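The values are calculated or read from the model by the stated rules, or taken from the named source; none is laboratory data. Computed from a prediction, not measured in an experiment: that's the story for all the values here. For neighbour counting, all protein chains shown are included, and Cβ atoms are generated from backbone atoms with ideal geometry for every residue, glycine included.
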Ligand SMILES: Nc1ncnc2c1ncn2[C@@H]1O[C@H](COP(=O)(O)OP(=O)(O)OP(=O)(O)O)[C@@H](O)[C@H]1O
Ligand SMILES: Nc1ncnc2c1ncn2[C@@H]1O[C@H](COP(=O)(O)OP(=O)(O)OP(=O)(O)O)[C@@H](O)[C@H]1O
Ligand SMILES: [Mg+2]
Ligand SMILES: [Mg+2]
């Protein structure tokens, strides 16, 4: 590990990290925003579930590189548009989250939703006030997985010219320079940890009862 | 007043849960549905707040068929206490109690003030207000369930085995408190249980049900105890356990059931002498 | 004979579940541990088959400290019935019953033959043998639990609220059958419950426990009923519910408790007259 | 607009002034291209133009598409390869023919600035062992090579006229005798190592790669000019103001093949200097900024 | 959408199938890389996951580790290993296998420990009290009852590995990634798309295969016990 190189190139490292963050944030949000309604639908309707859950599984099997390359052709975007990456990563995020979210809603349980209805929540209120918050913990766990895998996948964008920490992989590879690749790997992991901490903290703020309840169990 | 009129319920899977049931629950009285598991008690009770709609027949409240009312509004106007408590695990106790007032548009402040009053009413300290349901004992949870059901001051309370999940000492306490509360509030209460002692303790009228919610006997507790309509009822309410005799032991009169097991001590020899 | 000798148990989180408990369970007798939730009953019982090891003190069976025995072998020699049944949900009824004999090296054929016998013994039809636990009613599951515990013909049976999850009619039936079984088999049974009636019905000796498994009273059912050691015991075993008097109604003597609730009908006037 | 006349292709982009424009400079995905792109970028910045960088985009197909759709505006290119890319059937060999045909084939909206004398060609290299043992010093010697020839190079080489196909078509090496392993490091360390380890016999390594000298590799001669002249030049879109051409041409004029080798050595050798440092140093040395 | 027609034409063209660079060979190479990696991952993740699930020890560590492994960028790891291990072209399979195994470990590990944890504690308690020893509890109770979750973990590991094995081509290895990388290098979208379709098809076929295997292997008692028998195979 050549620390002098790291120090000399800190500017570029930070720049690439920032670029990395920029393409990662949106897909994480979008996948949550898209997966939750899909999962709610799949959770409530057996027939929808039979179609949606396997389809989300198939998305997961898409190899990333051709997806990145072919999306501009499909979307009519420009070749280097980060939007391509955002769309592709969102697809993966949705693929990961739909199943988790369906399971999360299943775990809330008919009984508790039934109880909420029985005391006078409207079906819409049942979703917003009961099912969604109670599905919160597994959704949060799913979002953490999505965040980690998104941050790791962004670097494949280096193969199609979208700047990110992945630049250090291809460039370091071409130059036979482990330090540079390591910087990319460590940078990605550090970003993943930062994202994870942010998500966990957000979770604590949004789901205060989880901790209160956990403490009792020790 | 709640009226069931030739009510019948067949679930989509073909189960006939209720087969032609008719009953009038007078206002300000406690009527208990007593029967073993699966006989249709919960189904009957949930017809009142339209959680279940009858396949045929009708349920009406004070003469208005509930089928014509908006289910969400209807449910907000009826208190419902369930065996599991049915509390929202992600809301604090005070928020749980305040659920219905808040749904009805009360301000947070007034809803919480009401919740405070109710905590007093059901005999809980104010300190539990900020806890979550999982941080309470079973008995406390059931009290919160009752408080929540009372929050919007409904005329009708539906109680579905509300004390089934707590241990016997706490249960006895909760039963006493319910009687006390009812003395004060005089709600119309439909109460479901499979515990014979509980039914006889709480009900002004008791209905012993067979499968399909068929009424095996309907009457006052003493009535049923003294004159079981048939073997099913006699057996259900305890059979040999209810056939008592007294014995002398250690110089005192004790009461023994048909199988020879001691059930209590005779307090008053005059009574025993008839 | 099972002996608890100054047994103490502190769980890793600091909970003191049992605080200095001593007891001798005579062979071929049923001893009941009676107490409310969390008082340490299960902890005590599980020390016998080393599912829990005491922090100090010792448990011995027929004079041998269980601490010196191999836990797996020990458990195979003791029958254990739990509230939830604890059956293997992915094995058929017959395989569940045959678990221990198979572990002990019996052939499949002989283990299944034994399982068949046990099905008869606990009053189940042979037709349930091939079903899975989830396909049975609660009462049937508990019978299978008893059958499984008896499979290797153990001398000792540990029963942890075995009938707590079934409805009262079925429970009464199971209790009667257990008494009947015990008449035949004469096992040494340690039985845990929080149901006072059940304890008095089944136990030759009953221990009323407070928190920390402190013995509030130890004696025969009649003994405890007639002479509760203190207010705690009196209250636990029913308080006013056990203070009975008789009344005349419809020309018959009925028995009424202290709160005025009817508990039964007096069968025999001669008895009442003392 | 005073700049409108200074460049033949600036007719449509003329309304944009230098100061208001952000120019995106890109490069192919190998280190040298990024260094040259960095030379352009810093030159433009010295001129007061705001520059965005989008380096190491990929292979020619990708970055040419990117400059066409406006994702990037300025790229370093190599004359011969780009000509063959646009006109695979070309027979031009000399630098002059290549350049003029290249200009003819350049699509509307793009312009070819002055080429540099600096060249970086694909080159087929072998180890000195292989060379002496099999008496191979020229591509022409390969047709008589007895065994199977194991080739390595960039994946795109498989399709290039100077790749395996060229060896067959131009030098008569039977296609059946050739196997090709694509390695995605732009003739970098893995390719070099494959050659050193003897995993392959022949590798396509850019002629300015320091590793050729370091490992004593033999660059096979190309008597039939299969690999055409590869002068470095700047390919610009309309967004690059014509006023910048002069400065960019000045860079090309000052750049030599030896400069490329030296800069690559700084980038890939022990120093691992970053393209921007290397570019800044060179530009200062030449008095261009 | 024109590309799809072309890609299918490319796929059904018999000329593209035989030979060392043909589709058949690439599929076999691809499967081989995946198999190696999956076996390696299973050997590491299964015992570890079962141990954690059974004893509850090391759970926090496992959660942290799976999170960290998930965040490790495959491309970075691949290039790093290729550059540092200096194994050359012939042994490029080593870094590729390691990277793919690292990809497969998190879902397998998570499935193993959460699957075992999800088994009703009363059932385990009952088994222990009846005299099953710890191995018997794991083997006869926990593993069968966790089977559906274990298979779920295997399925997502397989999907990811099949999709990501395309990156192995980056090191000069074969596999279906060749079509994608080589196609990308020369903007041959037909070949790229064809390669991608092959990858997806392979993933789906394997996924279906595992599902069938699950139906066939998981005893009916488990499906009945978990109430999964009637549901669609999730
Ligand atoms: N949603 C449903 N779909 C199909 N069958 C149902 C449904 N709900 C209840 N049943 C069936 O209808 C019958 C009556 O059920 P119900 O819940 O009313 O009984 P219950 O008397 O309340 O029993 P418990 O004491 O166990 O609560 C039972 O056989 C039950 O299995
Ligand atoms: N593994 C454990 N770790 C920590 N505390 C425990 C553990 N098991 C039981 N306890 C605590 O020890 C005390 C006694 O528990 P135990 O299960 O023996 O009670 P019990 O009398 O069987 O109660 P119940 O009637 O609810 O079954 C309780 O406070 C319980 O919370
Ligand atoms: Mg019910
Ligand atoms: Mg217990």
Region C:65-82, residues that are more than 16 Å from ligand 2 (Cβ to nearest atom) and not in a helix (DSSP H, G or I): C:65, C:69, C:70, C:77, C:78, C:79
Whichever residue in region C:35-50 is in contact with a helix residue (DSSP H, G or I) (Cβ under 6 Å, 6 or more places away or on another chain) and away from ligand 4 (no atom under 12 Å from the Cβ) and, among such residues, is farthest from the other protein chains (Cβ to nearest Cβ): C:50
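Conditions (1) in contact (Cβ under 8 Å) with a residue 12 or more places away in the chain; (2) under 26 Å from residue B:198 (Cα atoms), marked per residue:
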| residue | (1), (2) |
| --- | --- |
| C:176 | no, yes |
| C:192 | yes, yes |
| C:195 | yes, yes |
| C:206 | yes, yes |
| C:213 | yes, no |
| C:219 | yes, no |
| C:230 | yes, yes |
| C:244 | yes, yes |
| C:263 | yes, yes |
Filtered residues of region D:157-188 (kept if surrounded by 23 or more Cβ atoms within 10 Å (Cβ to Cβ) and either in a helix (DSSP H, G or I) or within 11 Å of chain A (Cβ to nearest Cβ) (or both)): D:157, D:167, D:183, D:184, D:185, D:186, D:187, D:188
Could we say that residue B:84 is within 14 Å of chain A (Cβ to nearest Cβ), within 12 Å of ligand 1 (Cβ to nearest atom) and surrounded by fewer than 20 Cβ atoms within 10 Å (Cβ to Cβ) here? yes
Select from region D:180-232 the residues that are without any contact (Cβ under 8 Å) to a residue 12 or more places away in the chain and touching a helix residue (DSSP H, G or I) at 6+ places or on another chain (Cβ under 7 Å) and write down the one among them that is farthest from residue D:134 (Cα to Cα). D:185
Checking the structure you have, find out if any residue of region A:122-135 is within 7 Å of another protein chain (Cβ to nearest Cβ), outside any helix (DSSP H, G or I) and either crowded, with 20+ Cβ neighbours inside 10 Å or modelled with pLDDT of 90 or more (or both). yes
Restricting region D:60-107 to residues that are closer than 20 Å to residue A:82 by Cβ and in a loop (DSSP other than H, G, I, E, B), the one farthest from the other protein chains (Cβ to nearest Cβ) turns out to be D:73
Any residue at all in region B:104-114 that's away from chain A (no Cβ under 14 Å), closer than 16 Å to residue B:79 by Cα and in contact (Cβ under 8 Å) with a residue 40 or more places away in the chain? no
For a quick check of your reading: which helices (runs of 4 or more DSSP H) sit entirely within region C:137-209 and have at least 1 residues that are within 16 Å of ligand 3 (Cβ to nearest atom) and closer than 25 Å to residue C:92 by Cβ? C:138-150, C:168-185
Count of region C:195-213 residues which are within 16 Å of ligand 4 (Cβ to nearest atom), in contact with a helix residue (DSSP H, G or I) (Cβ under 6 Å, 6 or more places away or on another chain) and within 13 Å of chain B (Cβ to nearest Cβ): 1
Can you find even one residue in region B:2-21 that is more than 16 Å from ligand 4 (Cβ to nearest atom), within 14 Å of another protein chain (Cβ to nearest Cβ) and either buried (at least 21 other Cβ atoms within 10 Å of the Cβ) or under 22 Å from residue B:197 (Cβ atoms) (or both)? no
Being surrounded by fewer than 19 Cβ atoms within 10 Å (Cβ to Cβ), facing another protein chain (nearest Cβ under 9 Å) and part of a helix (DSSP H, G or I) is the filter here, so list the residues in region A:55-98 that pass it. A:58, A:73, A:74
Residue A:187: passes all of (1) within 14 Å of chain D (Cβ to nearest Cβ); (2) assigned to a helix (DSSP H, G or I) but (1)
Residue count for region D:42-67, restricted to those that are in contact with a strand residue (DSSP E or B) (Cβ under 7 Å, 6 or more places away or on another chain) and within 21 Å of residue A:170 (Cα to Cα): 7
Among C:40, C:63, which is in contact (Cβ under 8 Å) with a residue 60 or more places away in the chain and under 30 Å from residue C:133 (Cβ atoms)? C:40
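A quick yes/no check of all residues on (1) within 16 Å of ligand 3 (Cβ to nearest atom); (2) crowded, with 18+ Cβ neighbours inside 10 Å:
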{"site": "B:37", "(1), (2)": "yes, no"}
{"site": "B:44", "(1), (2)": "yes, yes"}
{"site": "B:62", "(1), (2)": "no, no"}
{"site": "B:65", "(1), (2)": "no, no"}
{"site": "B:68", "(1), (2)": "no, no"}
{"site": "B:73", "(1), (2)": "no, no"}
Do we find a residue being in contact with a strand residue (DSSP E or B) (Cβ under 7 Å, 6 or more places away or on another chain), surrounded by 23 or more Cβ atoms within 10 Å (Cβ to Cβ) and in a strand (DSSP E or B) anywhere in region D:236-256? yes
Within region B:54-64, the count of residues that are over 23 Å from the mean Cα position of the chain (by Cα) and in a strand (DSSP E or B) comes to 3
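Conditions tested, residue by residue: (1) more than 19 Å from residue A:188 (Cβ to Cβ); (2) under 22 Å from the mean Cα position of the chain (by Cα).
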| residue | (1), (2) |
| --- | --- |
| A:6 | no, no |
| A:11 | no, no |
| A:19 | no, yes |
| A:44 | yes, no |
| A:47 | yes, no |
| A:52 | yes, yes |
| A:62 | yes, yes |
| A:76 | yes, no |
| A:79 | yes, no |
Restricting attention to region C:102-123, which residues are surrounded by fewer than 22 Cβ atoms within 10 Å (Cβ to Cβ) and closer than 21 Å to residue E:137 by Cβ? C:102, C:103, C:104, C:105, C:106, C:108
Whether any residue in region A:174-193 is surrounded by fewer than 18 Cβ atoms within 10 Å (Cβ to Cβ) and more than 30 Å from residue D:27 (Cβ to Cβ) is what I want to check. yes
Taking the conditions exactly as written (assigned to a loop (DSSP other than H, G, I, E, B) and either closer than 20 Å to residue A:170 by Cα or touching a residue at least 12 places away in the same chain (Cβ under 8 Å) (or both)), does residue D:131 satisfy them or not? no
May I ask you to verify whether residue C:179 is under 21 Å from residue C:140 (Cα atoms), within 12 Å of chain B (Cβ to nearest Cβ) and away from ligand 2 (no atom under 16 Å from the Cβ)? yes
Does any residue of region C:166-187 turn out to be within 24 Å of residue C:51 (Cα to Cα), assigned by TED's automatic domain parsing to the domain that holds residue C:8 and within 14 Å of ligand 4 (Cβ to nearest atom)? no
Yes or no: region B:227-234 includes at least one residue that is within 16 Å of ligand 3 (Cβ to nearest atom) and buried (at least 21 other Cβ atoms within 10 Å of the Cβ). no
Please enumerate the residues belonging to region C:2-53 that are away from ligand 2 (no atom under 12 Å from the Cβ) and part of a helix (DSSP H, G or I). C:48
